[in-house]
Protein chains: 2
Amino acid sequence: MDNRKEAPIGVFDSGVGGLTVVKEIMYQIPNEKVIYFGDTARVPYGNKTKETVTKYALQIVRFLKTQNVKAIVVACNTASAYALEEIEQEIDVPVIGVVKPGAKMAVESTKNGKIGVIGTRGTIGSETYTTYIRQLNPNVEVIGKECPLFVHLVEEGLWEDPVTEEIAKRYLMDLIDVGIDTLILGCTHYPMIRKTVQRIMGDGVRLVNPAYETARELKELLKGHDILNEQTPGLGTNMHRFFVSDAAERFQIFANSILKYGILSAKVIHVEEY
Amino acid sequence: MDNRKEAPIGVFDSGVGGLTVVKEIMYQIPNEKVIYFGDTARVPYGNKTKETVTKYALQIVRFLKTQNVKAIVVACNTASAYALEEIEQEIDVPVIGVVKPGAKMAVESTKNGKIGVIGTRGTIGSETYTTYIRQLNPNVEVIGKECPLFVHLVEEGLWEDPVTEEIAKRYLMDLIDVGIDTLILGCTHYPMIRKTVQRIMGDGVRLVNPAYETARELKELLKGHDILNEQTPGLGTNMHRFFVSDAAERFQIFANSILKYGILSAKVIHVEEY
C-alpha cells in the first residue's frame with residue numbers, strides 16, 4: 001500500500017527553467033524521486049497562446065501519467081498561468097503550479113502593498129499572478145512587466161553581463177518608479193539573473209522565487225495526501241529521470257550547470273504523440 | 001493545362017523571418033500567388049536538432065500539398081540546411097531552399113576568397129553553406145559564426161539599438177579578424193539588422209541576402225518548368241494567403257512591418273496533424 005509513497009513526482013517545464021524547481025525539491029524533500037520533462041522541441045512557451053500552451057501541457061501530463069507519478073508540479077509559469085485547471089481535469093493526482101505559491105509568498109512579504117511581477121508575455125498577459133494576489137489581499141497593488149528577452153539571455157549564459165544589465169534596466173524602470181517593495185521572479189529562468197535584478201531594484205526590494213515556495217507547498221501537499229516518501233533512497237539508486245522532446249545533449253549541459261549533482265542522461269520522447 | 005501556371009507557390013519558415021523572402025518574390029515575380037506558412041507555435045528552429053526540424057518541415061510540406069502548390073520555397077535557413085533532401089522526396093514539385101542561392105551569390109561576390117556566414121546554431125553547425133560553397137569553389141575559405149540572440153533581438157524590435165550593436169560586435173569580431181570580404185546573412189531575420197551588421201563589418205565587406213537571390217532563382221526555376229504565371233492578377237483578387245500554427249494576431253503585426261502592403265488576416269492551422 002505504501003507503493004504510492006514511493007512513486008515519483010512529475011515535474012515539467014517548457015525547457016530547462018523548471019530545473020530551478022527540481023533543485024529546490026532536491027533540497028527540501030530529498031527522499032522524493034523526480035521525473036522531469038522539458039519540452040525543448042517547442043520551447044519557449046512565453047509567446048504562445050493559451051490554446052497552444054494548454055494543448056502542449058496536456059500532452060506532457062498524459063506522458064507523465066504513463067510514468068505513474070503521484071503528483072505533478074507545473075514548473076513553468078506560463079503553463080501554470082494558462083493551463084492549471086485543464087491539467088487538474090486531465091489527471092487524478094494532486095497538481096501544483098508555481099504561480100499560486102509565488103503569489104502567496106509575495107503577499108506575506110510586502111509591507112507597502114506594492115508587488116511587482118516579471119515574466120513572459122503569456123504569464124503577464126494572463127494576469128494570473130494578479131488574480132491570486134487579489135484573492136489573498138484585495139488591497140495590494142500588482143504591477144506586471146513582461147520581459148521576453150530574459151529567457152534568451154539566460155539560455156545563452158549571459159547571467160552576469162552588461163547586456164543583461166542594460167535590458168534589465170529598461171524592463172525594470174517602471175517597477176522602480178512605482179516603488180514596489182516585493183518582486184516576483186515569475187519565470188523559472190529568472191533566478192539565474194537574480195543578482196542583476198537585485199542590484200538594479202536595490203536592497204529595499206525583496207525578490208520572491210516561486211521555486212522555493214513551490215517545493216515547500218509540495219511537501220505540505222504530499223503530507224496532506226499521506227504520500228510523502230519517508231524512505232531514504234539507497235545510495236547509488238537512480239532516483240531522478242529526465243526526459244526532453246529534443247536536443248538531449250544541450251539539455252544535459254545546461255542541467256549540470258544548475259543542479260548540484262550531474263545528470264547522467266536525458267532521454268528524448270515524442271511528446272506530441274501523447 | 002495552364003492551370004499549373006496559376007497555382008500558388010508555397011513558402012514556409014519557422015516563423016516570420018521568411019516574409020523577407022516573400023517580399024522579394026512580390027517584387028521580382030509579382031504575378032505569383034504565395035501561400036505562406038509560419039510555424040509560430042514551434043518557432044525558433046535554430047536550436048533544434050536535424051531530426052526535429054525535418055519532422056516539422058515535412059508536416060508543413062504535407063499541409064502545402066493540400067493547397068495544390070506548384071513549387072515550394074524553404075524560406076528558413078535552418079530547414080534548408082537540414083531537410084531539403086527529405087522535402088524533395090516528400091513532394092513532386094520543384095523545391096528551392098535559401099542556402100544554395102545564398103552560397104552561389106557569395107562565391108560570385110568574393111574577391112579575396114574569404115566568406116563569412118552568420119546564422120542559427122543549426123545552420124552553422126550543419127556546415128551546409130560551407131558544403132555548397134566548396135562545391136562551387138573548393139579554394140574559398142568559409143568561416144561560420146552562430147548568432148543565436150539575433151533572432152530574438154529582431155523579434156523584439158531592437159533593429160537599431162545599442163544592445164543589438166554590442167551583441168553584434170561580439171559575434172562578428174572573429175569574422176573581422178579573419179578579414180572576410182563577403183558575409184552571408186544566413187537567417188531570414190537578419191536583413192532587418194543589416195545596417196548594424198554593415199556598420200560593424202565596414203564598407204569593405206559585402207553583405208549577401210539570400211532572400212534576393214532565392215527569388216531570382218525561383219523565377220528561373222518556374223521558367224524552366226514552364227510554370228511561370230504570365231497572367232497579371234485582377235485588381236482586388238486576394239492573391240496571397242497566410243497560415244500560422246499559433247498567435248495569428250502577433251504574426252499580422254509583424255508581417256505588416258515587413259511587407260509593403262497590409263496582410264488582411266492569417267489563419268491558424270494544426271500543422272502537427274499533417
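Annotations for the structure displayed:
- Output for region A:20-77, where each listed residue is of a type in the set (Phe, Trp, Tyr) and over 17 Å from A:Glu273 (Cα atoms): A:Tyr27, A:Tyr36, A:Tyr45
- Scanning region A:36-89 for residues that are assigned to a loop (DSSP other than H, G, I, E, B) and either not assigned by TED's automatic domain parsing to the domain that holds A:Ile25 or not basic (Lys, Arg) (or both) yields a count of 14.
- For A:Val205, the test of being surrounded by 19 or more Cβ atoms within 10 Å (Cβ to Cβ), in contact (Cβ under 8 Å) with a residue 24 or more places away in the chain, away from chain B (no Cβ under 14 Å) and within 22 Å of A:Val98 (Cα to Cα) is passed.
- Under the condition of being more than 21 Å from the chain's Cα centre (by Cα) and either touching a residue at least 40 places away in the same chain (Cβ under 8 Å) or in a strand (DSSP E or B) (or both), the residues counted in region B:139-171 number 1.
- Applying the criterion of being in contact with a Pro (Cβ under 9 Å, 6 or more places away or on another chain) and either modelled with pLDDT of 95 or more or more than 13 Å from every other protein chain (Cβ to nearest Cβ) (or both) to the residues of region B:24-44, the residue that is surrounded by the fewest Cβ atoms within 10 Å (Cβ to Cβ) is B:Pro30.
- Residue in region B:116-132 that is in contact with a Ser or Thr (Cβ under 9 Å, 6 or more places away or on another chain), among the aromatic types (Phe, Trp, Tyr) and within 14 Å of chain A (Cβ to nearest Cβ) present: no
- Filtered by the rule that a residue be in contact (Cβ under 8 Å) with a residue 60 or more places away in the chain and buried (at least 18 other Cβ atoms within 10 Å of the Cβ), region A:65-92 gives A:Val69, A:Lys70, A:Ala71, A:Ile72, A:Val73, A:Val74, A:Ala75, A:Cys76, A:Asn77, A:Thr78, A:Ala79.
- Qualifying residue in region B:226-242 (condition: assigned to a helix (DSSP H, G or I) and over 21 Å from the mean Cα position of the chain (by Cα)): no
- In region A:172-199, the residues that are in a helix (DSSP H, G or I) and surrounded by fewer than 18 Cβ atoms within 10 Å (Cβ to Cβ): A:Met173, A:Asp174, A:Ile176, A:Asp177, A:Val178, A:Arg194, A:Lys195, A:Gln198, A:Arg199
- Region A:45-55, subset at the interface with chain B (Cβ under 8 Å from one of its Cβ atoms) and polar (S, T, N, Q), residue surrounded by the fewest Cβ atoms within 10 Å (Cβ to Cβ): A:Thr49
- Hits in region A:243-261 (condition: outside any helix (DSSP H, G or I) and away from every other protein chain (no Cβ under 14 Å)): A:Phe243, A:Leu259, A:Lys260, A:Tyr261
- B:Ala247 vs. criteria under 30 Å from A:Pro162 (Cα atoms) and in contact (Cβ under 8 Å) with a residue 12 or more places away in the chain: no
The values are calculated or read from the model by the stated rules, or taken from the named source; none is laboratory data. Note that the structure is predicted; figures quoted are calculated from it, not measured. Cβ coordinates were reconstructed from backbone atoms using ideal geometry, including for glycine residues, and neighbour counts include every protein chain displayed.
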